[in-house]
Amino acid sequence: RILLNMLQCTDDKNADFRHKAVAHMGAIASHSDKEISQLCIYSLCFASQSDPCRKLIVNSGVLRKIDADSCFDDENICFAFLTMFGNIANDSYMRKSILDDLFVKRLASMAELDVHTLHLAVVKCLYYSSCELTNLPVLAKQNILEIVRKVWPMQWEAGPLLHEMMAFLAAFLYNTSVHWEAMNTFVLQGSAQMLTSAMHLLIHRSDPA
């Protein structure tokens, strides 16, 4: 908790401190206590604002040590994790290394929470991941479209949030078509039907304003 409080007070001028904090966070991240795991996620979220820390977060394997079973039943923790993920995945080079075998498990836990803005953040995470061509076979193998089904905005009211959600969904679904081998798997899993449903939803739920 002390480390988190210190990281909250840092900025880009304190990149070295952030880097050292991440370098020593492995033992903390692997702790089985739920609160400690969540504090670790908050700390990594703040540290990920520095470019050198993003690389270290990925290369150190600290994310894989965080308990994916118990952490993501709180929306604030989910947003912190997705913010950190977005900070890393916005870097085209780092996208190649950010996926692991717990990726779907984490997002599946987040998708269980009935929070529209969180579901939008999940879809943005999927989109950023899919922008790296080499990630697409991994996403197809992990059947990532099951997460899309869980967050599908069928009951959302028309408005800016729905339109932003559909824009990222459409962009993600487009990306599933750019890798030939992965595309076949995605189509078998329902990507074409999803794209059709997305167009139908946009047409029939458009905001008159």
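The values are calculated or read from the model by the stated rules, or taken from the named source; none is laboratory data. Since we're looking at a predicted model, the values are computed, not measured. Counting neighbours? That spans all protein chains shown, and the Cβs are built from the backbone with ideal geometry, glycine included. Remember, those area values only see protein heavy atoms, side chains included, never the ligands or the DNA or RNA. Shrake-Rupley method; radii C 1.70, N 1.55, O 1.52, S 1.80 Å.
Here are the numbers for the structure shown:
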{"item": "Gain upon complete extension [residue 187, residue 112; 0.36 nm per residue less C-alpha separation]", "result": "24.6 nm"}
{"item": "Accessible-area order (highest first, 1.4 angstrom probe) of the listed residues 176, 117", "result": "117, 176"}
{"item": "Zero-based 5 Å bins, Cα pair distances in the range 101-187, whole percents", "result": "3, 15, 28, 25, 17, 9, 3, 0"}
{"item": "Rounded accessible area of residue 45 (nearest 10 Å², 1.4 Å probe)", "result": "20"}
{"item": "Cα→Cβ-extended label distance, 7 Å offset, between residue 74 and residue 174, nm", "result": "3.8"}
{"item": "Net length gained if the chain between residue 167 and residue 92 were fully extended (0.36 nm per residue, minus Cα distance)", "result": "25.0 nm"}
